[in-house]
Amino acid sequence: MDVLTPDQRSYCMSRIRGKDTKPELVVRRLLHAMGYRYRLHDRRLPGSPDLVFPKYRKVVFVHGCFWHRHRCRFGRVMPSTRKDFWVEKLEKNRQRDTRNRRALRQLGWVVLVVWECQIRRREWLAEHLLEFLQE
């Protein structure tokens, strides 16, 4: 049973952003400090990647573990109410992500997905991003 009223739940859900999320801002600040410049949310590309590096033909998606079903403990959580709705919604998110990554690769872009849980390990993340951009 949900502890919030439908109006309260609606308000909470309306506050969830698709752009400029905290994990995305962490990645952006880190890359900017490393000297990399990028474009944000290029709508001309499939999936409107969070960070686009046209010079390198590389893109970065910063995904929330819950919304995009990462295999970590945060991605395995399932709401206890309206299970059918959530299973369908989250599975469609995964399918859409797969389609977008495939389309980007077919267009010649190299794709990296950074998960929300990986943001906690800043040194590892910095090395991972640097390795990705220098390949």
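The values are calculated or read from the model by the stated rules, or taken from the named source; none is laboratory data. As the structure is a prediction and not an experimental result, all values here were calculated from the model. Backbone-built Cβ (ideal geometry, glycine too); neighbour counts: all protein chains shown.
Okay, here's what the table says:
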read-out	value
Residue, farthest from GLU127 (Cα to Cα), within region 13-27, restricted to residues that are surrounded by fewer than 16 Cβ atoms within 10 Å (Cβ to Cβ) and charged (D, E, K, R)	ARG15
Considering residues of region 34-58 that are farther than 16 Å from ASP20 by Cα and hydrophobic (A, V, I, L, M, F, W, C) only, the residue surrounded by the most Cβ atoms within 10 Å (Cβ to Cβ)	PHE53
Odd one out for CYS72, checked against (1) touching a strand residue (DSSP E or B) at 6+ places or on another chain (Cβ under 8 Å); (2) part of a helix (DSSP H, G or I); (3) surrounded by fewer than 16 Cβ atoms within 10 Å (Cβ to Cβ)	(2)
Breaking point among (1) surrounded by 13 or more Cβ atoms within 10 Å (Cβ to Cβ); (2) in a loop (DSSP other than H, G, I, E, B); (3) modelled with pLDDT of 95 or more, for LEU30	(2)
Looking only at region 114-135, and only at residues there that are among the aliphatic types (A, V, I, L, M) and surrounded by fewer than 16 Cβ atoms within 10 Å (Cβ to Cβ), the one that is nearest to the chain's Cα centre (by Cα)	ALA126
All positions within region 40-69 that are of a type outside the set (A, V, I, L, M, F, W, C), under 8 Å from the mean Cα position of the chain (by Cα) and not in a loop (DSSP other than H, G, I, E, B)	HIS63, HIS68
